[in-house]
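Inspection log for the structure reproduced underneath, given as structure tokens.
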Amino acid sequence: MSIPATRIVRRETHSPRSTAAVIVALCVALVVAWVATESVLSLLGLRPLLLAPRGMLSAVAGFPGASQAPLIAVAVVAGLVGVLLLAVALLPGRRARRPLEAEHAIVVANDTMLASALARAAARTAAVSPDAVSVALGRRSATVRIIPVSGTRVDRDAVREAVSAEFAQAAPARPARVSVLVSAAGKVGS
Amino acid sequence: MTAGRDRIAPKALERLARAVAAEALGVRLAETSVRISDAGGALAVRVQSPVALPPLGAGSAAGLTVRLADAAADARRRLAELTGLEVARVDVRATGAVITERRVR
């Protein structure tokens, strides 16, 4: 795949971080602008907008001596915000989509769509109604859960083969391991 | 390429089980009631029905328990045969007796 194509695929399969980055940058810019304005105002000897720089510093310096409740609250909020931003920055942020191989086109498939196609194939092979099948699609694995019709046996290997074939037909870039779980209890009637 | 999918609705299954049980017990269809549930992936059938018995002192009569066990086994076999499904068990609860002049087959 060419460089722009990989970039486009990545953009579609990973969640963008621009919103978080913009919000953080905006907050920092606002604080810096306010501190700068206060500094200039105090240098000119004018009335501060909210708080003079001297007042800010003394408030920060005196904060450890404040009562415990606000200390803990500020610590918790700051910690949460920090962990959240760190997680957004470091986690891969994958979306439930995957690239498919295609000629002259970039195809990215939604996992939900792919899973329902797999479920349909599984239901057809196992001879159960489509709503007796559920498929969980992970990045490298697909788990098919089947509630059989009472009194019939589900051929797990046949189902696994059919689902694998259906999955391969979609031509995903990365293969997935298919596992089939047949519930011990069945459902009466079909 | 693919043959269609056969479906047996639960209601149809229940009706069929009723008919089979009524025949095995030698009573009318309306007198029997049947409840079908799942038992480990197979069918479990519970029948509530009177049972047809020859009059007392008719000599050839087998015991009631034997008669019920026979009828249950018969119903189980017939139901499995007709539906192609695995029938784990048929439980029969006799709610009464219908005395017949001749033994009902």
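The values are calculated or read from the model by the stated rules, or taken from the named source; none is laboratory data. Quantities reported herein were computed from a predicted structural model and do not represent experimental measurements. Every residue, glycine as well, gets a Cβ built from its backbone with ideal geometry; the counts of neighbours run over all protein chains shown.
Of the residues examined, B:V92 is one that is touching a Leu at 6+ places or on another chain (Cβ under 6 Å), away from chain A (no Cβ under 14 Å), surrounded by 14 or more Cβ atoms within 10 Å (Cβ to Cβ) and at pLDDT 85 or above. Within the range A:177-188, residues that are more than 8 Å from chain B (Cβ to nearest Cβ) and surrounded by 13 or more Cβ atoms within 10 Å (Cβ to Cβ) reach partners that are part of a strand (DSSP E or B) and small (G, A, S) with beta carbons closer than 8 Å, at six or more positions or on different chains, in the pairs A:V178/A:S141; A:V178/A:A142; A:S179/A:S141; A:S179/A:A142.
You will find that of A:V81, A:V88, A:V40, the residue that is assigned to a helix (DSSP H, G or I), touching a residue at least 24 places away in the same chain (Cβ under 8 Å) and out of contact with any strand residue (DSSP E or B) (no Cβ under 8 Å at 6 or more places or on another chain) is A:V88 and no other. Of the residues making up the range A:131-164, those that are hydrophobic (A, V, I, L, M, F, W, C) and away from chain B (no Cβ under 14 Å) are A:V135, A:A136, A:L137, A:A142, A:V144, A:V159, A:V163.
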